[in-house]
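Below you'll find the structure, written out as structure tokens, and then a few comments.
The values are calculated or read from the model by the stated rules, or taken from the named source; none is laboratory data. Since the structure is predicted, the reported quantities are computational estimates derived from the model, not experimental observations. Don't worry about glycine lacking a Cβ; one is built from the backbone with ideal geometry, like all the others, and counts go over all protein chains shown. Surface accessibility is based on the protein's heavy atoms, side chains included, excluding ligands, DNA and RNA. Shrake-Rupley method; radii C 1.70, N 1.55, O 1.52, S 1.80 Å.
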Amino acid sequence: MFWAPSRTAILILKLSPLILPFVVLFCGGVFLTVCQSLGIFTPLPHTGGILAAYGVILSDPSFLGSFGFSLGVALVSAAASVAAGTFLAYRVWQLPKALAGAALVYKIPLILPHIAVAFVVLIFWSRSGILSSLAWHLGLIQSMPDFPNVLYSGWGLGMILAYTLKGTPFAMLLILALLVRFDVRQIQTAAMLGASKRRIFFSIVLPRLAPAMHTSFIILFLYSFGAFDIPYILSESRPGMLSLNVYNLYFKHDLARRPEAMAILTLMLFFAVVFIIAYSRTVTRLENGVRKL
Amino acid sequence: MTLRWNMTFLLLMLVIPFFHPFTLPARASGDILPDTPFEQILEQARGTQVQWYMYGGWTHVNTWVDTFVAKEMKQRYDIHVKRVPMDAGVFINKLLNEKAAGKTTGTIDLLWINGENFKNAKETGLLFGPFAGHLPHVRQYVNPDSITHDFGFPVDGFEAPFGRAQFVFEYDTDRTDTVPDTVAALKQWIMDNPGQFTYPQPPDFTGSAFIRHIFYAVTGGHGQYMAGWDPDLYEKNAPLLWDWLNQIKPFLWQKGRTYPRDSAFLDTLFARGEVAFSMSYHPPHAQNMIMEGSYPDTVRTFALKDGAIFNTHFTAIAFNAPNKAGAMVLADFLMSVDAQVSKFQPENWGDFPVLDLNRLSASDRQRFETVDLGPATLTPDQLAAVAVPEIPAQYLEALEQDWKTHVLGP
């Protein structure tokens, strides 16, 4: 034995089925990524300084463009998912018992893989897609180019649609889990005291749901910020999503550029950590403020 | 703090094998030497299995390998061919990881590899060889001058030739009457027909080849680049290409705000009638698409007089291939007249032969000459008339990178 089995050691030993894969696979991978971004352990001998790859990335205006774009797509889709998910979950919760079973239909997009949802969006919204032909048959548009340019508009609308389609039921799932433990009598009391439906929702229900909303927002935001499958189908060229840039750098360019791909990944991870910390701090501060009132 | 120290130690022990250095000797000779007499290699390969890692995106090519190649290899040499579909970029990474982990016996025997990845793979010591010069069919049928370089990078026998491809444009005679025949006429056509043209976004293989054509045409031909990478020449000439591409940009599909991600996407746009031209690095591509029912019968191909880039594609053997002998036999079989004729037939694949027809017997030559390529494919003579070689890989990398800055924009 390396050390006398203290309580911590036993605890770690018991947690080892969780810790071991985490340390070996995740930490190992992160460690290797960071090393390669610094030019250590790269497939080709690295020329230039230890921060050369970061220099290249950060001085490339297209990186900043992609970063902002990824950020925008992730923020809008996560916010839309949480908003829609909260509203729908609340309505589902209010449904009469007889309809509760049928409402489970909301879980279908959860089962579909992201790539399938991307194709659904593509089939419906492309200029030669289902909605476009429908509009044409109804006489709403005269020719294909008249159909609004949703998918490749430069705003990432296709990706936002797909992420929202996937994210809404996920947010609903988390929020419904809180709602089932919610005491209806609070609402009844408020209603008896004359609170409007609006007031009830914003002052009583929403604060209760806030933890689930924050959690789902963070998860959805970070997922769409870094995910690859939906951008692979629906991304636009300019500015592209970061994940696609990494994919191109990693697989389609010279091996000498591997550190750049790794530098982007490292920056993305760094951003994700900073985001989580900043977000939770802000939320805590806001909630403290609310309680003081 | 022994605990913390021990945990760090444990972590390092677990993680270190991942980084087992890339400084091992570049070439692992394995169980067989490349220059073993071929009879002995045949003997050793009999009754074994060969894992062939290759691009898996073309159904007809997959079918050809799984039926014709697998059957012939079994009959002739009692070798079982197992095709593993994987993109070149992915299996290069797999090999890199195996090499980093010090794995001397891998899973990949033969690779169908492209020029950019070949350069990477050879530089990082992922390939076994030189072996190509020892293959009887290569020695007998191939003009050695035609296979010295792959994208400007010396082959040195680390790859065996496999086939030839050339860049063509595709159009539908029902929709387009006259097609532009020069780069200048193409530009005029694009400006006269806004929204009807686009090209896949580099670093897609086809889109990248398209911009190289323009690069050749607007900078005075390919000859100047053949000597290898010259940064000054590149700096001087590249702006001409960006000018050209930026001039057509407002007239492209989606006004050049976005580009198709790859050639399959462009094919779809073309098939749906959103654009008037598609393009391919495979001369029989249009014919294949017609046979598959994806394109109408009226689709034809054309090449520009300014030149149509061709390249030879190759197979290579992994440094840690468990069955190097079998891989060499397969690489050799692929260069036989039977395999090359079968591959040339458009219903099988349509890939152009890499054999020097002058080295064949009259009857073998006849077999190639009588292959019916279908109405949509240009004849080898038409293609040969405009053939220009590929650019060295460093130019390619620079063009793909700078396209993003100068044409796509931030």
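Any residue in segment B:236-248 that is away from chain A (no Cβ under 14 Å) and small (G, A, S)? Steps first, answer last, please.
Taking segment B:236-248 as the starting set, the residues that turn out to be away from chain A (no Cβ under 14 Å) are B:236-244, B:247-248.
Now drop any that are not small (G, A, S), which leaves B:238.
Scanning segment B:236-248 turns up at least one residue that is away from chain A (no Cβ under 14 Å) and small (G, A, S).
Being open to solvent by less than 50 Å² (accessible area, probe 1.4 Å) and in a helix (DSSP H, G or I): is that true of B:F118 here?
Numbers: open to solvent by less than 50 Å² (accessible area, probe 1.4 Å): yes; in a helix (DSSP H, G or I): yes.
Taking the combined requirement at face value, the residue satisfies it.
Being within 12 Å of A:A74 (Cα to Cα), in contact (Cβ under 8 Å) with a residue 12 or more places away in the chain and either surrounded by 24 or more Cβ atoms within 10 Å (Cβ to Cβ) or not basic (K, R) (or both): is that true of A:G226 here? Let's see the steps before the verdict.
On the way: within 12 Å of A:A74 (Cα to Cα): yes; in contact (Cβ under 8 Å) with a residue 12 or more places away in the chain: yes; either surrounded by 24 or more Cβ atoms within 10 Å (Cβ to Cβ) or not basic (K, R) (or both): yes.
So A:G226 fits the description; yes.
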Answer with yes or no whether B:K103 is over 25 Å from A:N248 (Cα atoms), part of a loop (DSSP other than H, G, I, E, B) and open to solvent by 60 Å² or more (accessible area, probe 1.4 Å). yes
Elements of type helices (runs of 4 or more DSSP H) in segment A:182-293, at least 2 residues being of a type in the set (A, V, I, L, M, F, W, C) and under 16 Å from the mean Cα position of the chain (by Cα): A:206-226, A:229-234, A:242-247, A:258-292
Residues of segment B:362-410 satisfying the condition of being within 14 Å of chain A (Cβ to nearest Cβ) and open to solvent by 60 Å² or more (accessible area, probe 1.4 Å): B:Q394, B:T405, B:H406, B:P410
Please go through segment A:193-222 and give me each residue that is of a type in the set (S, T, Y) and free of Cβ contacts under 8 Å to residues at least 60 places away in the same chain, ordered by number. A:S196, A:S203, A:T215
Can you tell me how many residues within segment B:239-269 are aliphatic (A, V, I, L, M), under 30 Å from A:P231 (Cα atoms) and in contact with a Ser or Thr (Cβ under 9 Å, 6 or more places away or on another chain)? 4
Consider B:V84 against the criteria (1) modelled with pLDDT of 90 or more; (2) not in a strand (DSSP E or B): it satisfies all of them except one. Which criterion is unmet? (2)
Filter segment A:30-64 for residues that are in a helix (DSSP H, G or I), among the small types (G, A, S) and open to solvent by 30 Å² or more (accessible area, probe 1.4 Å); the one that is modelled with the highest pLDDT is A:G55
State whether the residues of segment A:106-121 include one that is modelled with pLDDT of 85 or more, within 26 Å of A:F201 (Cα to Cα), out of contact with any Lys or Arg (no Cβ under 9 Å at 6 or more places or on another chain) and open to solvent by less than 50 Å² (accessible area, probe 1.4 Å). yes
Enumerate the pairs (first residue in segment A:141-156 and at pLDDT 75 or above; second residue anywhere and among the hydroxyl-bearing types (S, T, Y)) with beta-carbon separation below 6 Å, excluding pairs fewer than 6 apart on the same chain, so at least 6 apart or on different chains. A:F147/A:S132; A:L151/A:S126; A:Y152/B:T258
Name the pairs whose Cβ atoms lie under 9 Å apart, with the first residue in segment A:179-192 and under 12 Å from A:Y90 (Cα atoms), the second open to solvent by 50 Å² or more (accessible area, probe 1.4 Å) and part of a helix (DSSP H, G or I), and 6 or more positions between them or separate chains? A:L179/A:W93; A:L179/A:R208; A:V180/A:W93; A:F182/A:W93; A:F182/A:R208
Could you say which residue among B:F251, B:F197, B:F215 is open to solvent by less than 20 Å² (accessible area, probe 1.4 Å), in contact with a helix residue (DSSP H, G or I) (Cβ under 8 Å, 6 or more places away or on another chain) and farther than 30 Å from B:P154 by Cβ? B:F197
Residue that is most open to solvent (accessible area, probe 1.4 Å) [pool: residues in segment B:77-100 that are farther than 23 Å from B:S336 by Cα and basic (K, R)]: B:K94
Restricting to segment A:125-148, what's the tally of residues that are exposed (fewer than 15 other Cβ atoms within 10 Å of the Cβ) and charged (D, E, K, R)? 1
